[in-house]
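The values are calculated or read from the model by the stated rules, or taken from the named source; none is laboratory data. A quick note: this is a predicted structure, and the numbers were derived from the prediction, not measured. When we count neighbours, we look across all protein chains shown, and the Cβ atoms used for this are built from the backbone with ideal geometry, even at glycine. The area values use the complete protein model at the heavy-atom level, side chains included, leaving out ligands, DNA and RNA. Shrake-Rupley method; radii C 1.70, N 1.55, O 1.52, S 1.80 Å.
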Amino acid sequence: MTKLFLILHVLAAILAVGPVAVAASMFPKVLRDALAGPGDAAPVTTLRTLHRICRVYAGAAIAVVVFGFLTASSMGVLGSAWLITSIVLTFVAAVILILLVLPRQETALEAVAGAGDVREADGATGGGGPVEGAGAVKLDARTSAQLAMFTGVFNLLWATVTVLMIVRPGSTTGG
């Protein structure tokens, strides 16, 4: 079972976290394009798509955590320092995505789209407006830079977790 859990964990990480990392990284550049050409609909459409990828795949990334815990449990390494560190870093990355990246993307998209709720506009269901907790986001050149910074930290945390998962410092399970 351990090998099956590990395979599912790695596949979930590649298929769920990878798209979020790429789409979130592309968002600031496309936002700058949208700000530079206010009448151009193409960047707004791209921003909607990138934001939707981030939202949907962030939810799917829960599978990474579930299969990760199943794998660690079956390997008997739940108390290992490298795993605990990875869990903490994963939690911090999730908080950054949920509280800093996604709400700012949504607010920026609403500002450049200029009409209605982003979730409504891209066909998603659910309640109104930007996610609370991000604070007011003033749409200017700094918005794109802040999104790039938060996304970079998110990606760096995931890269660190990936290295820890491969190297497993101090592991006695033969890695």
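Output yes when any residue across region 87-106 is farther than 29 Å from Val30 by Cβ and in a helix (DSSP H, G or I), and no when none is.
Scanning region 87-106 turns up at least one residue that is farther than 29 Å from Val30 by Cβ and in a helix (DSSP H, G or I).
Here are Thr125, Thr151, Thr143, Thr160: which of them is hydroxyl-bearing (Ser, Thr, Tyr), at pLDDT 80 or above and open to solvent by 50 Å² or more (accessible area, probe 1.4 Å)? Lay out the reasoning, then the answer.
Details: Thr125 fails: at pLDDT 80 or above; Thr151 fails: open to solvent by 50 Å² or more (accessible area, probe 1.4 Å); Thr143 fails: open to solvent by 50 Å² or more (accessible area, probe 1.4 Å).
That would be Thr160, the only listed residue that is hydroxyl-bearing (Ser, Thr, Tyr), at pLDDT 80 or above and open to solvent by 50 Å² or more (accessible area, probe 1.4 Å).
Give me the residue from region 38-69 that is of a type outside the set (S, T, N, Q) and farther than 22 Å from Val95 by Cα and, out of that set, surrounded by the fewest Cβ atoms within 10 Å (Cβ to Cβ).
Residue satisfying both the conditions and the ranking: Gly39.
State the number of residues belonging to region 2-22 that are within 15 Å of Leu156 (Cα to Cα) and either small (Gly, Ala, Ser) or open to solvent by less than 30 Å² (accessible area, probe 1.4 Å) (or both).
5
From (1) within 21 Å of Val153 (Cα to Cα); (2) open to solvent by less than 60 Å² (accessible area, probe 1.4 Å); (3) at pLDDT below 95, pick out the condition that doesn't hold for Leu89.
Leu89 satisfies every listed condition except (3).
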